[in-house]
Amino acid sequence: MSKQIKNMIVSDYKRRFSDVKNALIIDIRGIEANENNNLRVDLLGKDIHITVLKNSLAKTAFEGTSLEVLSTTLTGPSALVFGGDSVVDVARNIVDWAKKVKKLDLKAAVLDGELFDGPDGVKRLSDFPTKEEAQGTVIQLVLSPAGNLVKAATSPGGNVMGIIKEIRTRLEEGNKVEKIA
């Protein structure tokens, strides 16, 4: 391959992946054509893209970007998987597909500059909460004490009202009010 062609490919990688901050590296070698097509169509429906890479050129294109940490994992056939709502969603989808397609190898992932190496790293990333799930948990934790405070403030008032009603009922019936428990 001539130097001009290599430079064109590197430029294309830089352009295509300029906005990609988080991604996965997988190996799709040996997957049957129908399975490969089903995988790509399913993921594309979720706005997740797969791009087969030329490793040496991808390493050059990734220099100085958040994807640079993936350079160490670019050995053998490699494909970059990116897109979706978050890299956690991408990892979850790829891990699910890896259970169905045995020849789909998980190589690595990057989230906010942190490398998740190997299949275990990608699986660990897939267990992380998505941004929305984490925000929901934080909101729940913030609102929980306020809810408990409202319950505590209204609960004694409810008890007092019950006692007052009981006193009124006893007095209306002409009974003595000695002790209400």
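Among residues belonging to segment 101-154 that are modelled with pLDDT under 75, in a helix (DSSP H, G or I) and among the hydroxyl-bearing types (Ser, Thr, Tyr), point out the one that is nearest to Arg40 (Cα to Cα).
Filtering first and then ranking leaves Thr137.
Consider Asp19 carefully, then state whether it is out of contact with any helix residue (DSSP H, G or I) (no Cβ under 8 Å at 6 or more places or on another chain), farther than 25 Å from Lys103 by Cβ and either in a loop (DSSP other than H, G, I, E, B) or aliphatic (A, V, I, L, M) (or both).
Spelling it out, Asp19 is indeed out of contact with any helix residue (DSSP H, G or I) (no Cβ under 8 Å at 6 or more places or on another chain), farther than 25 Å from Lys103 by Cβ and either in a loop (DSSP other than H, G, I, E, B) or aliphatic (A, V, I, L, M) (or both).
What are the pairs, 6+ residues apart or on separate chains, where a residue within segment 1-22 that is under 22 Å from Thr130 (Cα atoms) has its Cβ under 8 Å from a residue that is part of a loop (DSSP other than H, G, I, E, B) and of a type in the set (D, E, K, R)?
Qualifying pairs under 8 Å: Lys21/Asp112; Asn22/Asp112.
Within segment 99-143, take every residue that is free of Cβ contacts under 8 Å to residues at least 24 places away in the same chain and small (Gly, Ala, Ser) and give me the one that is nearest to Glu35 (Cα to Cα).
Restricting to residues being free of Cβ contacts under 8 Å to residues at least 24 places away in the same chain and small (Gly, Ala, Ser), the top hit is Gly118.
Any residue at all in segment 81-89 that is outside any loop (DSSP other than H, G, I, E, B) and on the phi > 0 side of the Ramachandran plot?
Yes, some residue in segment 81-89 is outside any loop (DSSP other than H, G, I, E, B) and on the phi > 0 side of the Ramachandran plot.
Name the one entry in Val81, Val10, Val41 that is surrounded by fewer than 16 Cβ atoms within 10 Å (Cβ to Cβ) and either among the aliphatic types (A, V, I, L, M) or in contact with a Pro (Cβ under 8 Å, 6 or more places away or on another chain) (or both).
Step by step, each of Val81, Val10, Val41 is checked, and only Val41 is surrounded by fewer than 16 Cβ atoms within 10 Å (Cβ to Cβ) and either among the aliphatic types (A, V, I, L, M) or in contact with a Pro (Cβ under 8 Å, 6 or more places away or on another chain) (or both).
It is to be established whether one or more residues within segment 69-78 are part of a loop (DSSP other than H, G, I, E, B), surrounded by 17 or more Cβ atoms within 10 Å (Cβ to Cβ), under 25 Å from the mean Cα position of the chain (by Cα) and hydroxyl-bearing (Ser, Thr, Tyr).
No, every residue in segment 69-78 fails to be part of a loop (DSSP other than H, G, I, E, B), surrounded by 17 or more Cβ atoms within 10 Å (Cβ to Cβ), under 25 Å from the mean Cα position of the chain (by Cα) and hydroxyl-bearing (Ser, Thr, Tyr).
Right, Leu24: of a type outside the set (Val, Ile, Thr) and at pLDDT 90 or above or not?
yes
Do the conditions hold for Ala58, that is, is it touching a residue at least 12 places away in the same chain (Cβ under 8 Å), part of a strand (DSSP E or B), in the same structural domain as Lys107 (by TED's automatic domain parsing) and in contact with a strand residue (DSSP E or B) (Cβ under 8 Å, 6 or more places away or on another chain)?
Against the criterion (touching a residue at least 12 places away in the same chain (Cβ under 8 Å), part of a strand (DSSP E or B), in the same structural domain as Lys107 (by TED's automatic domain parsing) and in contact with a strand residue (DSSP E or B) (Cβ under 8 Å, 6 or more places away or on another chain)), Ala58 does not qualify.
Here's a check for you: in segment 13-38, which residue that is hydrophobic (A, V, I, L, M, F, W, C) and more than 23 Å from Ser71 (Cα to Cα) is surrounded by the most Cβ atoms within 10 Å (Cβ to Cβ)?
Ile31
The values are calculated or read from the model by the stated rules, or taken from the named source; none is laboratory data. Since the structure is predicted, the reported quantities are computational estimates derived from the model, not experimental observations. Here the Cβ is made from the backbone with ideal geometry for all residues, glycine too, and neighbour counts use every protein chain on show.
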